[in-house]
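Readers should treat all values here as calculations from the given coordinates under stated rules, not as data from a laboratory. Fair warning: this is a prediction, and the values are worked out from it, not measured in the lab. Here the Cβ is made from the backbone with ideal geometry for all residues, glycine too, and neighbour counts use every protein chain on show.
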Amino acid sequence: MKIKFLLAFLLCIGAYTTSYASFPVERVVTESTNVTSPTTNVEMTTTLISPAASSGDKSLLVGILLWFFLGWAAGHRWYYGKPVLWNIIFILTGGGLGIWWIIDLINMLTGNF
């Protein structure tokens, strides 16, 4: 029995390590330079932005359709890139007994999602 648990654990660890970040993520570096005068210091700001992390280009219509048809499985939350743990909690609690599900719709319609 212990060997079965050990093998299942090793299989889970192996599957996790091979699937973690198995796709390339492009990073966009934007630099802005603020110069107050030629004799003072130059401030450099570097921001790394992952295209997968930005949800600004996500369609509201697709989000609402996912909310309506796959709301029980947090389809809209997966689409907008919300944290995985919160999505799993959403699924296990049934969308917070429907309350969290309705709040998500209101947030999507107002642009706060």
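Cut-off under 24 Å on the C-alpha distance; same-chain residues fewer than 8 positions from K58 excluded. Which lysines are left, in chain and number order?
Excluding near neighbours in sequence, the set is K82.
Which FRET efficiency value, to the nearest 0.05, do you get for I13 and W86 by plugging their Cβ-Cβ distance into 1/(1 + (r/R0)^6) with R0 = 25 Å?
After rounding, the FRET efficiency stands at 0.55.
Once the piece of chain linking I106 and M1 is laid out straight, how much longer is it, given 0.36 nm per residue of separation minus the C-alpha distance between them? Spell out each step's value before the answer.
On the way: separation 105, 0.36 × 105 = 37.80 nm, distance 4.95 nm.
Length difference between fully extended and current span is 32.8 nm.
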